[in-house]
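These notes are about the structure you will find just below.
Values in this text are rule-based calculations from the coordinates and carry no lab data. Values in this document were obtained by computation on a predicted structure and should not be read as measured data. Note that each Cβ is placed from the backbone with ideal geometry, even for glycine, and that neighbours are counted across all protein chains shown.
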Amino acid sequence: MVSKHQVLNMLAHIEDPELHRSLTDLNMVRDVQIGDGVVDITLALTVPNCPLKDQIEADVRKIVGAMLGVSQVNVTLTAMTDEERKAIFGEPTEGTATQYNKVDRVVAVMSGKGGVGKSLVTALLATALARQGLRVGVLDADITGPSIPKLFGLRPPVRSGPMGLWPLQSQTGIKVMSFNLLLEYDDQPVIWRGPLIGRAITQLWGDVFWDELDYLLVDLPPGTADAALTTLQSLPVNGIVMVTTPQSLASMIVRKAVHMAQMVNVPIIGVVENMAYFVCPDTGKRHEIFGPSHCHEVVLTAGAPLLAQLPIDPTVAALCDEGQVEAVELPEVPEMVKAFVQAVPVKKRE
């Protein structure tokens with residue numbers, strides 16, 4: 001019969017795929033029980049909900065299961081304590097990544113109305129801020145309809161470390177985290193009820209190692225339900241950029257989001273009207289495709305300035321489809337970002 005010592009020797013040859021150190025060296029093996037060809041192994045992951053846990057478990061089952069006399073391998077996964085992680089990595093690990101993140105300003109991009117371009121506005125703001133040398137992150141809180149990874153041309157996998165999940169970085173150094181980056185396929189649906197979506201948003205904030213950021217922009221899903229409420233009440237949101245389009249219908253729905261923000265006492269720092277007009281490339285004439293603008297109704301209700309009126313531009317759409325939103329050049333963006341920074345200035349770096 002296979003012995004415990006033999007099993008431990010085999011486990012010593014299995015490496016953590018992220019840290020490239022053996023499971024025994026990392027003190028991940030907590031218990032090995034053997035009986036009648038069945039091997040029960042308990043492993044302590046370095047971080048809870050490790051995205052590579054399935055690979056670790058599969059490696060253990062494969063290698064131990066191939067040993068002579070082993071008919072079945074059962075793997076139980078737990079997590080290391082904060083003190084254990086500190087002993088291994090020599091880093092402060094007294095809680096979630098939130099304790100080590102230094103995020104100066106958190107700004108939500110909101111609408112209440114779907115399809116108005118919240119993700120585009122988020123990406124344009126992030127890109128313009130990064131061009132000014134600011135440290136920027138984007139949290140994609142639209143769990144069921146994420147657009148941010150596609151806009152920035154980012155794909156899995158997401159790596160993890162002792163401090164939590166590491167956000168991916170865009171071409172210009174913007175840190176990005178989206179639940180879609182944790183899925184096997186980018187068109188895989190997330191069919192969850194509201195409370196689970198709210199929990200996922202708080203985890204993208206608390207379990208991600210954002211490190212030091214001047215701005216973290218949160219791209220909210222449409223509506224005024226669980227997802228938006230969780231974000232505004234659970235994250236330290238300093239302000240909201242409200243996005244609308246010219247139609248009266250859009251204005252009415254966006255004003256619902258304005259009233260919600262006012263009810264939870266989060267300031268609205270400005271309004272952006274997307275798809276405001278179209279300039280015909282042949283004549284240079286400006287056309288209001290969706291009719292006269294009603295953004296002034298949102299501005300009045302919000303008591304906040306109009307930051308920009310962005311046009312319909314096929315070039316922008318093409319770049320976004322190619323994952324090249326950072327290459328978008330719109331003349332309206334610099335003034336929008338200037339007003340944004342004045343409304344939510346960051347602290348001076350030491």
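Note the angle between two axes, namely the Cα long axis of helix 118-131 and the longest principal axis of the Cα atoms of the chain, as a number of degrees from 0 to 90, rounded to the nearest 10.
80 degrees
Between MET1 and TYR185, how high is the FRET efficiency from 1/(1 + (r/R0)^6) when r is the Cβ-Cβ distance and R₀ = 30 Å? Nearest 0.05. Provide the component values of the computation, followed by the final result.
On the way: r = 43 Å, r/R0 = 1.43.
About 0.10, to the nearest 0.05.
Sorted from largest down, give the three principal axis spans of the alpha carbons of the stretch 1-58, whole angstrom values.
If we take the Cα atoms of the stretch 1-58, the spans are 33, 18, 17 Å.
What FRET efficiency would be calculated for the residue pair LEU300, ALA79, taking the C-beta separation as r and a Förster radius of 45 Å, to the nearest 0.05?
Numbers: r = 51 Å, r/R0 = 1.13.
For LEU300 and ALA79, the calculated efficiency is 0.35.
Please say if the stretch 183-230 is rounded, prolate or oblate, where rounded means a/c under 1.5 for a ≥ b ≥ c the square roots of the C-alpha gyration tensor eigenvalues, and otherwise the choice is prolate for a/b larger than b/c and oblate otherwise? Write down the numbers at each step before the final one.
Details: a/c = 1.89, a/b = 1.31, b/c = 1.44.
Here the stretch 183-230 falls in the oblate category.
Loop-only check: which trypsin sites (Lys or Arg not before Pro) in the stretch 170-238 are DSSP coil with at most 10 other Cβ within 10 angstrom?
Details: sites: LYS175, ARG193, ARG199; in loops: ARG193.
Taking the stretch 170-238 and a limit of 10 other Cβ atoms within 10 Å, the loop trypsin sites (Lys or Arg not before Pro) found are ARG193.
So which residue, out of GLY153, GLY270, GLY291, gets the largest mean-square fluctuation from a GNM of the chain using Cα contacts under 10 Å as springs?
GLY291
Any idea which of ASN265, VAL346, ALA12 is furthest toward the positive side of the dipole for the chain, if Lys and Arg beta-carbons carry +1 and Asp and Glu beta-carbons -1?
ASN265
By how many nm would the segment from ASN27 to GLU329 lengthen if fully extended, with 0.36 nm per residue of separation less the alpha-carbon distance? Kindly include the intermediate steps, with their values, before the conclusion.
Values: separation 302, 0.36 × 302 = 108.72 nm, distance 5.12 nm.
The ASN27-GLU329 span can extend by a further 103.6 nm.
Count neighbours as other Cβ atoms within 10 Å of each site's Cβ, and list the trypsin sites (Lys or Arg not before Pro) in the stretch 253-301 that are DSSP loop with at most 16 such neighbours.
Working: sites: ARG255, LYS256, LYS285, ARG286; in loops: LYS285.
Answer by residue number: LYS285.
Based on a Kirkwood Rh over C-alpha pairs, give the Stokes-Einstein translational diffusion coefficient of the chain at 20 °C and viscosity 1.002 mPa s in µm²/s. Walk me through the numbers on the way to the answer.
Details: Rh = 22.3 Å.
D = 96 µm²/s.
Take the residue pairs LYS256/LYS285; LYS102/LYS347; LYS118/LYS338; LYS175/LYS256 and return only those whose Cα atoms are more than 23 Å apart. Before the final figure, lay out each step's value.
Details: LYS256/LYS285 34 Å; LYS102/LYS347 11 Å; LYS118/LYS338 19 Å; LYS175/LYS256 31 Å.
Beyond 23 Å: LYS256/LYS285; LYS175/LYS256.
Of SER111, GLY164, ILE41, which is farthest along the charge dipole of the chain in the positive direction, counting Lys and Arg as +1 and Asp and Glu as -1 at C-beta?
Selected residue: SER111.
Using helices alone, what [θ] at 222 nm do you get for the chain, with -39,500 (n - 2.57) per DSSP H run of 4 or more residues, divided over all residues and rounded to the nearest 500? Walk me through the numbers on the way to the answer.
On the way: 11 runs with 113 residues, N = 350.
Mean residue ellipticity at 222 nm (helix-derived): -9500 deg cm²/dmol.
Efficiency by 1/(1 + (r/R0)^6): what FRET value for ALA12 and GLN72, r their Cβ-Cβ distance, R0 = 22 Å, to the nearest 0.05? Kindly include the intermediate steps, with their values, before the conclusion.
Numbers: r = 21 Å, r/R0 = 0.97.
With R0 = 22 Å, the Cβ-Cβ based efficiency is 0.55.
Under a Cβ-only charge scheme (Lys and Arg +1, Asp and Glu -1), can you give me the dipole magnitude of the stretch 98-343 about the Cα centre, in debye to the nearest 20?
Values: 17 positive and 23 negative charges, 100 e Å.
It comes to approximately 480 debye.
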